[in-house]
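Colleague: Have a look at this one before I ask anything.
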Amino acid sequence: MKAKNNFIAIMLLLITGCESFFFYPEKEFLLSPYVQRYTPEDIYFKTSDGLKLHGWLLRAKGYDRGTILHLHGNAENISTHINGVIWLVDEGFNIFSFDYRGYGKSEGVPSIHGIHLDAEAALEKTFEIPGINLKNVFVLGQSLGAAVAVYTVATSKYKTRIKALILDSPFSSYRRIAREKASEFMLTFPMSYIIQFFVTDTYSPEIWIEKLHPSAIFIIHGENDRIIPSYHSLILYAKVKGIKELLIVPDADHIEGLNNIQARRRIIEFINSFTY
(Lines give C-alpha, C1' and ligand atoms only; values in the text may rest on other atoms or scores of the structure.)
Protein backbone atom coordinates (compact mmCIF):
# COMPACT_ATOMS: atom_id res chain seq x y z
CA MET A 1 0.00 0.00 0.00
CA LYS A 2 2.84 2.37 0.87
CA ALA A 3 4.51 1.76 -2.49
CA LYS A 4 1.21 2.39 -4.27
CA ASN A 5 0.72 5.66 -2.38
CA ASN A 6 4.26 6.73 -3.24
CA PHE A 7 3.64 6.00 -6.90
CA ILE A 8 0.42 8.05 -6.87
CA ALA A 9 2.19 10.92 -5.12
CA ILE A 10 4.98 10.91 -7.71
CA MET A 11 2.47 10.84 -10.56
CA LEU A 12 0.54 13.77 -9.12
CA LEU A 13 3.76 15.72 -8.71
CA LEU A 14 4.79 15.01 -12.27
CA ILE A 15 1.39 15.80 -13.74
CA THR A 16 0.92 19.07 -11.88
CA GLY A 17 4.46 20.09 -12.75
CA CYS A 18 4.35 19.16 -16.44
CA GLU A 19 4.32 22.78 -17.58
CA SER A 20 6.89 23.91 -15.04
CA PHE A 21 9.79 22.15 -16.75
CA PHE A 22 9.34 24.54 -19.71
CA PHE A 23 10.21 27.55 -17.55
CA TYR A 24 13.38 28.51 -15.66
CA PRO A 25 12.94 32.26 -15.10
CA GLU A 26 15.52 34.51 -13.52
CA LYS A 27 14.52 37.83 -11.93
CA GLU A 28 18.01 39.26 -11.46
CA PHE A 29 19.48 41.22 -14.37
CA LEU A 30 23.09 40.66 -15.38
CA LEU A 31 24.09 43.98 -16.91
CA SER A 32 27.23 43.63 -18.99
CA PRO A 33 29.25 46.66 -20.16
CA TYR A 34 29.04 45.24 -23.69
CA VAL A 35 25.23 45.38 -23.74
CA GLN A 36 25.17 48.80 -22.08
CA ARG A 37 27.14 50.19 -25.02
CA TYR A 38 24.00 49.71 -27.09
CA THR A 39 21.93 51.82 -24.65
CA PRO A 40 18.91 49.55 -24.21
CA GLU A 41 15.68 51.49 -23.69
CA ASP A 42 13.12 50.18 -21.19
CA ILE A 43 9.73 49.38 -22.72
CA TYR A 44 6.75 48.50 -20.53
CA PHE A 45 3.43 47.21 -21.85
CA LYS A 46 0.31 45.35 -20.71
CA THR A 47 -1.03 41.93 -21.65
CA SER A 48 -4.70 41.23 -22.38
CA ASP A 49 -5.03 39.73 -18.88
CA GLY A 50 -3.62 42.82 -17.21
CA LEU A 51 0.03 42.00 -16.45
CA LYS A 52 2.81 44.53 -16.94
CA LEU A 53 5.72 43.19 -18.95
CA HIS A 54 9.17 44.62 -19.49
CA GLY A 55 11.31 44.69 -22.58
CA TRP A 56 14.32 46.38 -24.13
CA LEU A 57 14.57 48.29 -27.37
CA LEU A 58 18.01 48.48 -28.96
CA ARG A 59 17.97 50.93 -31.82
CA ALA A 60 19.68 50.18 -35.12
CA LYS A 61 23.19 51.42 -35.69
CA GLY A 62 23.40 53.59 -38.80
CA TYR A 63 20.65 53.25 -41.38
CA ASP A 64 17.42 51.80 -39.93
CA ARG A 65 16.68 48.80 -42.16
CA GLY A 66 13.90 47.25 -40.09
CA THR A 67 12.74 45.95 -36.73
CA ILE A 68 13.03 42.50 -35.20
CA LEU A 69 10.85 41.25 -32.36
CA HIS A 70 12.96 38.78 -30.36
CA LEU A 71 11.41 35.96 -28.31
CA HIS A 72 13.98 34.31 -26.06
CA GLY A 73 14.25 30.80 -24.64
CA ASN A 74 12.93 29.29 -21.42
CA ALA A 75 15.66 30.29 -18.95
CA GLU A 76 17.16 33.46 -17.43
CA ASN A 77 15.90 36.76 -18.94
CA ILE A 78 16.62 39.34 -21.63
CA SER A 79 19.78 40.59 -19.94
CA THR A 80 21.58 37.40 -20.99
CA HIS A 81 19.58 36.37 -24.06
CA ILE A 82 20.14 39.71 -25.79
CA ASN A 83 23.78 38.72 -26.33
CA GLY A 84 22.74 36.16 -28.93
CA VAL A 85 21.02 38.69 -31.20
CA ILE A 86 22.73 42.00 -30.45
CA TRP A 87 24.89 41.63 -33.58
CA LEU A 88 21.77 42.41 -35.62
CA VAL A 89 21.83 45.96 -34.25
CA ASP A 90 25.16 46.49 -36.01
CA GLU A 91 23.54 45.17 -39.19
CA GLY A 92 21.02 48.03 -39.10
CA PHE A 93 18.06 46.46 -37.30
CA ASN A 94 16.16 47.57 -34.21
CA ILE A 95 15.78 44.76 -31.69
CA PHE A 96 12.77 44.65 -29.38
CA SER A 97 13.29 41.85 -26.84
CA PHE A 98 10.96 41.27 -23.91
CA ASP A 99 10.57 39.04 -20.87
CA TYR A 100 7.65 36.67 -20.48
CA ARG A 101 5.59 36.85 -17.31
CA GLY A 102 7.67 35.88 -14.28
CA TYR A 103 10.96 36.63 -16.01
CA GLY A 104 13.17 39.63 -15.23
CA LYS A 105 11.09 42.72 -14.46
CA SER A 106 7.87 41.28 -15.86
CA GLU A 107 4.96 40.54 -13.54
CA GLY A 108 3.20 37.20 -13.07
CA VAL A 109 4.00 33.50 -13.18
CA PRO A 110 4.85 31.74 -16.46
CA SER A 111 2.51 29.24 -18.08
CA ILE A 112 2.15 27.94 -21.62
CA HIS A 113 -1.09 29.84 -22.17
CA GLY A 114 0.29 32.94 -20.46
CA ILE A 115 3.47 33.31 -22.49
CA HIS A 116 1.43 33.24 -25.69
CA LEU A 117 -0.61 36.15 -24.37
CA ASP A 118 2.71 37.85 -23.61
CA ALA A 119 4.00 37.35 -27.15
CA GLU A 120 0.72 38.60 -28.61
CA ALA A 121 1.02 41.78 -26.51
CA ALA A 122 4.68 42.21 -27.47
CA LEU A 123 3.90 41.95 -31.18
CA GLU A 124 1.17 44.55 -30.82
CA LYS A 125 3.53 46.80 -28.85
CA THR A 126 6.15 46.48 -31.59
CA PHE A 127 3.86 48.32 -33.99
CA GLU A 128 3.30 51.09 -31.43
CA ILE A 129 6.95 51.98 -30.79
CA PRO A 130 7.70 55.41 -32.27
CA GLY A 131 10.74 56.30 -34.30
CA ILE A 132 11.58 52.87 -35.74
CA ASN A 133 11.18 51.27 -39.16
CA LEU A 134 7.87 49.38 -39.12
CA LYS A 135 7.76 48.75 -42.86
CA ASN A 136 10.19 45.85 -42.49
CA VAL A 137 9.24 43.82 -39.42
CA PHE A 138 10.62 40.38 -38.60
CA VAL A 139 10.19 37.95 -35.72
CA LEU A 140 13.11 35.93 -34.34
CA GLY A 141 12.38 33.20 -31.81
CA GLN A 142 14.87 30.97 -30.04
CA SER A 143 14.07 27.55 -28.57
CA LEU A 144 10.81 27.96 -26.62
CA GLY A 145 10.56 31.43 -28.15
CA ALA A 146 10.66 29.93 -31.64
CA ALA A 147 7.67 27.73 -30.80
CA VAL A 148 5.79 30.69 -29.35
CA ALA A 149 6.63 32.82 -32.38
CA VAL A 150 4.93 30.41 -34.79
CA TYR A 151 1.55 30.45 -33.05
CA THR A 152 1.76 34.17 -32.29
CA VAL A 153 2.31 35.27 -35.88
CA ALA A 154 -0.01 32.65 -37.39
CA THR A 155 -2.95 33.90 -35.30
CA SER A 156 -2.12 37.61 -35.25
CA LYS A 157 -3.93 40.44 -37.00
CA TYR A 158 -0.44 41.64 -37.90
CA LYS A 159 0.47 38.45 -39.78
CA THR A 160 0.52 40.07 -43.21
CA ARG A 161 2.87 42.78 -41.90
CA ILE A 162 5.53 40.29 -40.80
CA LYS A 163 8.04 39.87 -43.63
CA ALA A 164 9.70 36.73 -42.25
CA LEU A 165 10.33 34.60 -39.19
CA ILE A 166 13.69 33.27 -38.07
CA LEU A 167 13.26 30.14 -35.93
CA ASP A 168 16.35 29.13 -33.97
CA SER A 169 16.36 25.62 -32.46
CA PRO A 170 12.57 25.17 -32.36
CA PHE A 171 10.73 22.12 -31.08
CA SER A 172 7.89 20.83 -33.21
CA SER A 173 5.36 19.91 -30.51
CA TYR A 174 4.93 20.63 -26.81
CA ARG A 175 3.82 17.06 -26.19
CA ARG A 176 6.64 15.56 -28.22
CA ILE A 177 9.34 17.49 -26.39
CA ALA A 178 7.70 16.79 -23.02
CA ARG A 179 7.73 13.06 -23.80
CA GLU A 180 11.34 13.17 -24.90
CA LYS A 181 12.49 15.08 -21.82
CA ALA A 182 10.56 12.78 -19.49
CA SER A 183 12.11 9.71 -21.13
CA GLU A 184 15.62 10.97 -20.32
CA PHE A 185 15.23 10.39 -16.56
CA MET A 186 14.94 7.07 -14.78
CA LEU A 187 12.13 8.29 -12.52
CA THR A 188 9.94 9.66 -15.30
CA PHE A 189 10.84 7.30 -18.15
CA PRO A 190 8.11 4.71 -17.33
CA MET A 191 5.46 7.46 -17.37
CA SER A 192 6.80 9.50 -20.30
CA TYR A 193 4.05 8.35 -22.67
CA ILE A 194 1.34 9.29 -20.15
CA ILE A 195 2.93 12.56 -19.08
CA GLN A 196 2.79 14.04 -22.57
CA PHE A 197 -1.02 14.08 -22.47
CA PHE A 198 -0.97 16.46 -19.52
CA VAL A 199 0.77 19.05 -21.70
CA THR A 200 -1.33 21.03 -24.16
CA ASP A 201 -0.58 20.73 -27.86
CA THR A 202 -2.89 23.63 -28.74
CA TYR A 203 0.01 25.97 -29.48
CA SER A 204 2.37 23.46 -31.08
CA PRO A 205 4.34 24.81 -34.07
CA GLU A 206 3.69 21.76 -36.26
CA ILE A 207 -0.02 22.64 -36.17
CA TRP A 208 0.37 26.32 -36.98
CA ILE A 209 3.47 26.69 -39.13
CA GLU A 210 1.70 26.02 -42.42
CA LYS A 211 -0.64 28.91 -41.61
CA LEU A 212 2.20 31.45 -41.59
CA HIS A 213 2.03 32.07 -45.34
CA PRO A 214 2.72 34.68 -46.78
CA SER A 215 5.48 35.24 -44.18
CA ALA A 216 8.76 33.60 -45.20
CA ILE A 217 10.52 31.28 -42.75
CA PHE A 218 14.19 30.66 -42.02
CA ILE A 219 14.89 27.73 -39.68
CA ILE A 220 18.32 27.29 -38.10
CA HIS A 221 19.35 24.42 -35.82
CA GLY A 222 22.57 23.07 -34.38
CA GLU A 223 23.47 19.62 -35.65
CA ASN A 224 24.65 18.58 -32.17
CA ASP A 225 21.74 20.07 -30.22
CA ARG A 226 21.43 18.04 -27.01
CA ILE A 227 18.35 19.89 -25.75
CA ILE A 228 16.11 19.84 -28.81
CA PRO A 229 17.26 17.41 -31.51
CA SER A 230 17.52 18.93 -34.97
CA TYR A 231 14.92 16.54 -36.40
CA HIS A 232 12.30 18.83 -34.85
CA SER A 233 13.30 21.49 -37.37
CA LEU A 234 13.06 18.96 -40.21
CA ILE A 235 9.46 18.23 -39.19
CA LEU A 236 8.61 21.92 -39.23
CA TYR A 237 10.45 22.68 -42.45
CA ALA A 238 8.49 19.99 -44.28
CA LYS A 239 5.22 21.65 -43.27
CA VAL A 240 6.10 25.19 -44.36
CA LYS A 241 4.13 26.55 -47.31
CA GLY A 242 5.77 29.28 -49.29
CA ILE A 243 9.28 30.72 -49.07
CA LYS A 244 11.50 28.79 -46.67
CA GLU A 245 15.10 28.02 -45.87
CA LEU A 246 16.69 25.49 -43.52
CA LEU A 247 20.21 25.63 -42.13
CA ILE A 248 21.63 22.84 -39.95
CA VAL A 249 24.85 24.18 -38.45
CA PRO A 250 27.60 21.53 -38.03
CA ASP A 251 29.07 21.06 -34.54
CA ALA A 252 26.63 23.57 -32.98
CA ASP A 253 24.72 22.79 -29.79
CA HIS A 254 21.47 24.36 -28.60
CA ILE A 255 20.96 27.96 -29.88
CA GLU A 256 24.61 28.08 -30.89
CA GLY A 257 23.91 28.37 -34.60
CA LEU A 258 23.76 32.17 -34.50
CA ASN A 259 27.35 32.20 -33.23
CA ASN A 260 28.46 30.93 -36.63
CA ILE A 261 29.63 33.73 -38.94
CA GLN A 262 28.49 31.95 -42.10
CA ALA A 263 25.07 31.32 -40.54
CA ARG A 264 24.75 35.01 -39.69
CA ARG A 265 25.54 35.93 -43.29
CA ARG A 266 22.90 33.52 -44.57
CA ILE A 267 20.30 35.04 -42.26
CA ILE A 268 21.20 38.61 -43.25
CA GLU A 269 20.97 37.67 -46.93
CA PHE A 270 17.57 36.10 -46.27
CA ILE A 271 16.29 39.14 -44.38
CA ASN A 272 17.70 41.58 -46.93
CA SER A 273 15.64 39.97 -49.67
CA PHE A 274 12.50 41.25 -47.90
CA THR A 275 13.63 44.78 -47.02
CA TYR A 276 13.07 47.87 -49.10
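Colleague: Of all residues in segment 37-51, count the ones that are out of contact with any strand residue (DSSP E or B) (no Cβ under 9 Å at 6 or more places or on another chain) and either open to solvent by 90 Å² or more (accessible area, probe 1.4 Å) or of a type in the set (Phe, Trp, Tyr) (or both).
Modeller: So the count comes out to 2.
Colleague: Need pairs with beta-carbon distance below 8 Å; first residue open to solvent by less than 10 Å² (accessible area, probe 1.4 Å) and within segment 135-149, second in a helix (DSSP H, G or I) and of a type in the set (Phe, Trp, Tyr); sequence gap 6+ or separate chains.
Modeller: Qualifying pairs under 8 Å: LEU144/PHE22; ALA147/TYR174.
Colleague: May I pose another question? Given the conditions (1) modelled with pLDDT of 95 or more; (2) surrounded by fewer than 21 Cβ atoms within 10 Å (Cβ to Cβ); (3) of a type outside the set (Val, Ile, Thr), report the number of the one that GLU180 does not fulfil.
Modeller: (1)
Colleague: If PHE274 passes every condition in (1) within 13 Å of LEU165 (Cα to Cα); (2) surrounded by fewer than 16 Cβ atoms within 10 Å (Cβ to Cβ); (3) aromatic (Phe, Trp, Tyr) but one, which one does it miss?
Modeller: (2) is the only condition that PHE274 fails.
Colleague: May I ask you to say which residue of GLY108, GLY92 is on the phi > 0 side of the Ramachandran plot and either within 13 Å of the chain's Cα centre (by Cα) or touching a residue at least 40 places away in the same chain (Cβ under 8 Å) (or both)?
Modeller: GLY108
Colleague: Looking at ASP225, ASP251, which is the one that is part of a loop (DSSP other than H, G, I, E, B) and in contact with a His (Cβ under 6 Å, 6 or more places away or on another chain)?
Modeller: When all the criteria are applied, what remains is ASP225.
Colleague: Same structure again: Can you report the number of residues in segment 150-171 which are of a type in the set (Ser, Thr, Tyr) and either farther than 16 Å from ASN74 by Cβ or free of Cβ contacts under 8 Å to residues at least 24 places away in the same chain (or both)?
Modeller: 4
The values are calculated or read from the model by the stated rules, or taken from the named source; none is laboratory data. Just so it is clear, the structure is predicted and the values come from calculations on it, not from any experiment. Cβ atoms come from the backbone with ideal geometry, glycine included; neighbour counts cover every protein chain shown. All accessible areas refer to the heavy atoms of the entire protein, side chains included, with ligands and DNA or RNA removed. Shrake-Rupley method; radii C 1.70, N 1.55, O 1.52, S 1.80 Å.
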